[in-house]
1. Listing 186, 80, 130 from the residue with the fewest other Cβ atoms within 10 Å to the one with the most, what is the order?
2. Okay, helix-only estimate at 222 nm for the chain: each DSSP H run of n ≥ 4 adds -39500 (n - 2.57), divide by all residues, round to 500 deg cm²/dmol; what do you get?
3. Quick one: compute a quarter of the convex hull surface over the Cα atoms of the range 82-194 and quote it in nm².
4. Read through the labelled values (1) 151; (2) 109; (3) 142 and report the label of the one computed as volume of the Cα convex hull per residue in Å³ from the structure.
5. Taking amide hydrogens as modeled 1.01 Å from N in the peptide plane, which residues meet the under 5 Å criterion relative to residue 30, leaving out close sequence neighbours?
6. Report the calculated FRET efficiency for residue 146 and residue 102 (r = Cβ-Cβ distance, R0 = 22 Å), to the nearest 0.05.
7. Using the alpha-carbon atoms, what tilt in degrees (0 to 90, nearest 10) does helix 2-26 show relative to the longest principal axis of the chain?
8. Would you mind calculating the relative contact order of the chain from Cα pairs under 8 angstrom and at least 6 residues apart, reporting the percent as a whole number?
Amino acid sequence: MNCTKILLAVALISAMTFTTVAPAASRGEDGPVSISLVTPVQIIDAQDAVYGLRLNLIYGRNKDVVGLDLGLFNVTTGDFGGLGLGLVNYVGGEMYGVHEGLVNWVVGDVYGGQAGLANYTAGALNGMQFGLLNCVDTLDGVQLGLVNHAVSATGVQLGAVNITRYLDGLQIGLVNIVSGREHFRFMPIVNGSW
């Protein structure tokens, strides 16, 4: 009896969601739910935003996404806010929240975290990167990985190889490099600068 009620409630909520979303998508408007097979076969048009849930069965692309982003290849051409889980997560603007995937790539700034095999932030990272390879322009936080690279680092780099041009913080690893220093550019085990 309880299973029947739950299934009926899910069916009712799904029906209400899709009847609300489908007309918005046909008018080229933002929406609360988008399901994508491959762009352009998706509920919300690629140039519009999703505020709620985006499910990308293979590949989905939208301007902005706020909420939960699930899929294989999640592409946001503008800003992203929320939780992104996928093989590849790409954001063309700024990211507020957390990305977990094999590859996480953000063109703008990150306010939150990235966890994956490879994490790349072209702008500033205010938070944490956790992965085998972490790269960022400006770090204000923590990088944990096999190889960590930042042009400028304020915070902590913890990994086998840590590289930065400017350091205001601590590096812990087998190889620690601060290339912008006049003296002691390389230090094994621990390197610090304040």
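1. By the 10 Å Cβ count, ascending, the order reads 186, 130, 80.
2. Roughly -4500 deg cm²/dmol at 222 nm, from the helical runs in the chain.
3. The Cα convex hull of the range 82-194, projected and averaged over all directions, gives 5.5 nm².
4. (2)
5. Residues meeting the criterion, in which the H sits 1.01 Å from N, are 49.
6. That pair, residue 146 with residue 102, gives E of 0.90.
7. 80 degrees
8. Normalised by residue count, the contact order of the chain is 8 percent.
Taken together, the values in this text are just the output of simple stated rules run on the coordinates, not laboratory data. In this text, all values refer to a predicted model and were calculated from it rather than measured experimentally. Every residue, glycine among them, receives a Cβ derived from its backbone with ideal geometry; neighbour counts consider all protein chains shown.
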